1. Please find, within the stretch 81-105, the residue that is farthest from the chain's Cα centre (by Cα) out of those that are in a helix (DSSP H, G or I) and crowded, with 20+ Cβ neighbours inside 10 Å.
2. Identify, from the list Pro58, Pro75, the residue that is in contact (Cβ under 8 Å) with a residue 60 or more places away in the chain and closer than 29 Å to Glu119 by Cα.
3. Being buried (at least 20 other Cβ atoms within 10 Å of the Cβ) and touching a residue at least 12 places away in the same chain (Cβ under 8 Å) is the requirement here; does Ala178 meet it?
4. Confirm whether Val4 is of a type in the set (Val, Ile, Thr), open to solvent by less than 40 Å² (accessible area, probe 1.4 Å) and at pLDDT below 95.
5. Can you pull out every residue in the stretch 60-74 that is in a loop (DSSP other than H, G, I, E, B) and crowded, with 20+ Cβ neighbours inside 10 Å?
6. Provide a single number: the residues in the stretch 32-52 that are open to solvent by less than 20 Å² (accessible area, probe 1.4 Å) and under 13 Å from Leu9 (Cα atoms).
7. List, please: which pairs have Cβ atoms under 7 Å, are six or more places apart or on different chains, and start with a residue in the stretch 13-32 that is assigned to a loop (DSSP other than H, G, I, E, B) and end with one that is β-branched (Val, Ile, Thr) and surrounded by 17 or more Cβ atoms within 10 Å (Cβ to Cβ)?
8. Has the stretch 144-151 got at least one residue that is over 12 Å from the mean Cα position of the chain (by Cα), open to solvent by 10 Å² or more (accessible area, probe 1.4 Å) and of a type in the set (Val, Ile, Thr)?
Amino acid sequence: MVTVATLLLLRHGRTTANAEGGLAGRQPVELDDTGRAQAAAVGERLKGLPLAAVVTSPLIRCRQTLELALPQSTPVVEEGLIECGYGSWEGQPLKKLAKEPLWPVVQQHPSAAVFPEGEAMAAMAARAVAAVRSWDARITAEHGPEAVWLACSHGDVIKAIVADALGVHLDLFQRIVADPASVTAVRYTPLRPFLVRLNDTGGDLAGLVPPARKRRRRATRATDSDAAVGGGAGAAR
């Protein structure tokens with residue numbers, strides 16, 4: 001069995017823009033009352049987990065989520081986790097944007113979508129994946145393969161990271177769901193990542209903490225595959 005660090009991807013709680021049907025983008029929108037309640041609730045689920053590190057998008061809605069969910073933590077800002085730059089689309093109602101010629105491209109061929117005066121979705125995916133993989137390698141080196149760490153980010157960013165973990169093209173990432181205050185878990189092994197949990201809004205998270213490894217009398221022969229990881233209960237522990 002290959003033991004690797006566990007990444008918990010936390011989407012921020014609901015915002016005023018989410019409630020009103022707008023595209024917040026990188027605007028400084030804040031959590032609404034529902035979002036604050038969601039953040040407090042996910043904090044109860046995260047309580048007791050031995051988080052080796054907490055990193056966050058620089059946007060205020062993510063920082064507010066962590067202030068409520070993990071008040072004792074000291075999050076580190078990671079620019080690579082910031083929301084996609086939607087350019088001139090930011091702040092506009094989604095029902096209006098749905099009439100734009102670019103909308104079906106965003107939904108069906110997002111790898112080709114470049115927002116006016118903004119960022120390409122492919123560029124967003126590349127920098128987000130690079131950020132979490134770099135952090136995961138650093139945390140594993142510093143805290144060991146049983147480490148659990150958390151990154152707080154945004155819906156499209158988390159979906160892009162999940163698509164990479166699943167080995168699917170970015171054009172399929174709109175099939176993935178990451179609700180406000182949901183938790184998604186990924187483990188990166190030397191050969192491939194594993195999606196351990198997706199869009200979890202109410203399950204017990206304690207089972208995601210790998211148990212400490214036990215010493216064995218005889219070393220087992222190393223395998224050239226990590227196929228055992230991710231296959232059922234106790235995988236990747």
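1. Our first condition is that a residue be in a helix (DSSP H, G or I); within the stretch 81-105, this holds for 81, 87-89, 94-97, 103-105.
Within this subset, residues satisfying the condition of being crowded, with 20+ Cβ neighbours inside 10 Å are 81, 89.
Working: Leu81: 9, Trp89: 23 Å.
Here the answer is Trp89.
2. On the way: Pro58 fails: in contact (Cβ under 8 Å) with a residue 60 or more places away in the chain.
Going through Pro58, Pro75 in turn, just one is in contact (Cβ under 8 Å) with a residue 60 or more places away in the chain and closer than 29 Å to Glu119 by Cα: Pro75.
3. Values: buried (at least 20 other Cβ atoms within 10 Å of the Cβ): yes; touching a residue at least 12 places away in the same chain (Cβ under 8 Å): yes.
Answer is yes for this residue.
4. Numbers: of a type in the set (Val, Ile, Thr): yes; open to solvent by less than 40 Å² (accessible area, probe 1.4 Å): yes; at pLDDT below 95: yes.
It is true that Val4 is of a type in the set (Val, Ile, Thr), open to solvent by less than 40 Å² (accessible area, probe 1.4 Å) and at pLDDT below 95.
5. From the stretch 60-74, those in a loop (DSSP other than H, G, I, E, B) are 70-74; that's our starting set.
Of everything in the stretch 60-74, just one residue is in a loop (DSSP other than H, G, I, E, B) and crowded, with 20+ Cβ neighbours inside 10 Å, namely Leu70.
6. Of the residues in the stretch 32-52, 2 are open to solvent by less than 20 Å² (accessible area, probe 1.4 Å) and under 13 Å from Leu9 (Cα atoms).
7. Gly13/Thr65; Ala24/Thr15; Arg26/Ile82; Val29/Thr15; Glu30/Thr15; Asp32/Thr15
8. no
The values are calculated or read from the model by the stated rules, or taken from the named source; none is laboratory data. Treat the numbers as computed from the prediction; the structure is a model and nothing was measured. As a convention, Cβ positions derive from the backbone with ideal geometry for all residues, glycine included, and neighbour counts pool all protein chains shown. Calculation scope for accessible area: heavy atoms of the full protein, side chains included, ligands and nucleic acids excluded. Shrake-Rupley method; radii C 1.70, N 1.55, O 1.52, S 1.80 Å.
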